[in-house]
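Values in this text are rule-based calculations from the coordinates and carry no lab data. Not measured: the values here are computed from a predicted model. Positions of Cβ are generated from backbone atoms using ideal geometry, with glycine treated the same way; all protein chains shown enter the neighbour counts.
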Amino acid sequence: MKIQVMGASLEIRQGDITATEAEAIVNPANNLLWMGGGISAAIKARGGETIEEEAVRQGPIEIGQAVLTSAGKLQAKHVIHAVIAGQDLKASEESVRTAMRNSLTLAAQRRINSIAVPSLVSEKSSMSAHACARAMIEETIAFLENSQAIRHVFFVLSDHDTYDIFKRQLETMFSR
């Protein structure tokens, strides 16, 4: 599913974020920037240890903040590490919103035109996928309405259920 927001495109896809053709991909991170499990582990496995080494050198950072590293062997040029949780790995709606906003801001500051973002919370999180989808989509639309810096945002979801949740959320928001 794809929509236009102020000349930029927002698209929801099902797939592997590590294989997405975008200038930057987002890694949902902890505040120490270790890449131990889930999407972080997949990014590190495919892109190489360099990504984690560069990230850890910039940490620890506050929850909600974002940092940029190279993308190692990935197709993308950069990885944006969006800190959604501390060491307890519990994300909140506020941390997801802030991390999403700061990731987009960082991409715009670095003149990154396309960014691929996974769901920032997993099924292990205390935050629901529905709340996560709503927060991420609302923050992205608000950003795109006020900035011409990013031309393409892709939400790349690895499983069909999460894809459906994001798709329904976007459809609901644009059917009003």
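So what's the angle, to the nearest 10 degrees on a 0 to 90 scale, between helix 160-174 and the longest Cα principal axis of the chain?
The answer is roughly 50 degrees.
Over the chain, what relative contact order in percent results from Cα pairs under 8 Å that are six or more residues apart? Walk me through the intermediate numbers first.
Details: 373 pairs, mean separation 52.0, N = 176.
Over the chain, the number comes to 30 percent.
Exposure proxy check: 23, 145 ranked by fewest other beta carbons within 10 Å?
Going from least to most buried by this count: 145, 23.
Who wins for biggest fluctuation among 106, 68, 157 in a Gaussian network model of the chain, springs between alpha carbons below 10 Å?
Highest fluctuation of the listed residues: 106.
Taking the stretch 62-100, which GluC sites (Glu not before Pro) meet the DSSP loop condition and have no more than 12 other C-beta atoms within 10 Å?
62
Compute the distance in nm between two label points, each set 7 Å from the Cα along the Cα-to-Cβ direction, one at residue 138 and one at residue 41.
Label-label distance for residue 138 and residue 41, simple model: 3.2 nm.
Any idea what the dipole of the stretch 1-142 comes to, in debye rounded to 20, about its Cα centre with Lys/Arg Cβ at +1 and Asp/Glu Cβ at -1?
220
Loop-only check: which trypsin sites (Lys or Arg not before Pro) in the stretch 113-166 are DSSP coil with at most 12 other Cβ within 10 angstrom?
Here the trypsin sites (Lys or Arg not before Pro) that fit, given the DSSP loop and packing criteria, are 124.
How many lysine pairs are close in the chain, with Cα atoms under 23 Å apart and the two 8 or more places apart or on different chains?
Going through the chain pair by pair, I get 7.
Once you keep just the Cα pairs under 8 angstrom separated by 6 or more residues, what percentage relative contact order results for the stretch 1-64?
27
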